[in-house]
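Contents: one structure, followed by commentary.
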Amino acid sequence: MPLRLIKILPPQNFSFREQIVNAEDVVEQWTEINEGRKSIHILADVELTEKILQDFESKFSGSDDYRIILFPVAATLPPQPSEEEEEVQNAAEENQNENRVKRISREELYEDIKEVVDLSWVYFVLIALSCVVAANGLIRDSAAMVIGAMVIAPILGPNVGLALATTLGDKWLLKKSMRSIFYGFSLGMILSVLMGVILNINPEVYEINSRTTVSFADIALGLAAGVAGCLSFTRGISAAVIGVMVAVALLPPMVATGLLLGSGMYDLAMGAALLTVTYIICVNLAGVVTFLLQGIKPKSFRERREGEELSRYSIIIWLSLLAILALIIYYQYF
């Protein structure tokens, strides 16, 4: 498993004789003294970092003169045991296995997502470029171009951020994520509509025509995309790789909607828009459920109550919207 290096600068009155972290939770632990201040360094598996951080935060509660820093570890020598050897070594250590959350820590996850929901000129440039590439791929019936647009589309972060915000009850992250989604989709729609006005659009082209109708298979695709997107963050998998899975559900139908609107094909545009909305609902619903099943919760009791309430409401809203869409699909085909 990947490792993390945790550096703790404890409060001035902290006693280093106190035992905070269990020995079986760490790979190695040592202390250093720099300019008269002691620091604790802990090397641990990524799956146990959340428990270690919680232990220290609980110990330091009531004090604000401490700092905890988390570093990713590329490699160590001597190397760690392989996963097979590790499973054999930990077979009899049931208590340690119970502490493993099978994901990165909540704090690391939050920082990763906070970066990708930030509005910046890079975000807008990538949205614009991905829309231009996707539009060319749809018009020319080129699956390769559409896939290329998925690779550069920064749609994954804000949607995962929205799911995490509703799971944690974090209103700040909720506003940031919704703002990024709104501005990103607005820019994408404006560019797509303009290209639809300027360019000649053939609705019979497969890449466009296939995105003007909605089926139950699309609901399954949207749910799979949401789960994949969240797991890409919680398991430390490359967000760019799984971002293709999420972009396949969001970017092409959104661009197709704009192209058809710009060319005056409003009936077909409504079908593409319905497909886009279906994917948005499925991605966010699957994201919230995935985070909850992985045990991602707020820190304090008060925040936990707010988070559980917001998660409950969001799941109800997404499920209700999904049920309405399912009825529309049912009456459309049956």
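Values in this text are rule-based calculations from the coordinates and carry no lab data. Predicted model only: the values in this text are computed from it and were never measured. Because the Cβ atoms are built from the backbone with ideal geometry, glycine has one as well, and the counts that use them run over all protein chains shown.
Things worth noting here:
- Projected over every direction and averaged, the convex hull enclosing the alpha-carbon atoms of region 107-333 yields 11.5 nm².
- With a cut-off of 15 Å between beta carbons, the residues surrounding TYR123 carry a summed charge of +1, where Lys and Arg count +1 and Asp and Glu -1.
- For region 188-202, Karplus couplings with θ = phi - 60° (6.51, -1.76, 1.60), whole Hz, Gly/Pro x: x, 5, 4, 5, 5, 5, 4, 5, x, 6, 7, 8, 8, 9, 9
- Listed peptides 54-64, 179-189, 160-170, 222-232 appear in the order 160-170, 222-232, 179-189, 54-64 once ranked by packing, highest mean of other Cβ atoms within 10 Å at the front.
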